[in-house]
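The values are calculated or read from the model by the stated rules, or taken from the named source; none is laboratory data. Please read these numbers as outputs of a predicted model, since none were measured by experiment. Using ideal geometry, Cβ is built from the backbone for each residue, glycine included, and neighbour counts are taken over all protein chains shown.
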């Protein structure tokens, strides 16, 4: 995950996830991404789940305040949720390791999504039932 501006992102960090409801129609994701791009917002990790009528776009973006302003200005319906963002080596077994740590700490994972770049690391975004316990369990 590449930080924007002077922001420093640790290997494990609490972050704000945005969830935007979009019509399942051509151009809606492009409109959302365009609004964020014009506001100089970088999407660090993304998940899109669809059904017949709509789709839910979940993402972590930096800078967070600019993303909120862009979504509000663009009249997007959205909500936010605190999530745990973990940067891990891009190799097999890393999700299993982190999920195992959370299981041992008795933290439930609601959902997880991620992003791989061309480099040696991957980004995992966890929605969990206990963010503080998850942060302690996964650590640096």
Study note, to complete from the structure: Exactly one of 102, 95, 46, 124 is in the same structural domain as residue 24 (by TED's automatic domain parsing) and either at negative phi or part of a strand (DSSP E or B) (or both), and that one is 46
Exercise for review: Take region 48-66 and flag every residue that is touching a strand residue (DSSP E or B) at 6+ places or on another chain (Cβ under 7 Å) and under 16 Å from residue 21 (Cβ atoms).
Suggested key: 48, 49, 54, 55, 56, 57, 58, 59
Revision key, fill the gap. If we keep only residues of region 22-33 that are modelled with pLDDT of 95 or more, in contact with a strand residue (DSSP E or B) (Cβ under 9 Å, 6 or more places away or on another chain) and surrounded by fewer than 16 Cβ atoms within 10 Å (Cβ to Cβ), then the residue nearest to residue 126 (Cα to Cα) is 33
Exercise for review: Within region 77-89, identify whether any single residue is closer than 23 Å to residue 35 by Cβ, free of Cβ contacts under 8 Å to residues at least 12 places away in the same chain and assigned by TED's automatic domain parsing to the domain that holds residue 41, and answer yes or no.
Suggested key: no
Check your understanding: Taking region 53-73 as the search range and keeping residues that are under 13 Å from the mean Cα position of the chain (by Cα) and not in a strand (DSSP E or B), which one is nearest to residue 31 (Cα to Cα)?
Key -> 67
Exercise for review: Answer with yes or no whether residue 45 is modelled with pLDDT under 95, surrounded by 15 or more Cβ atoms within 10 Å (Cβ to Cβ) and under 15 Å from residue 16 (Cβ atoms).
Suggested key: yes
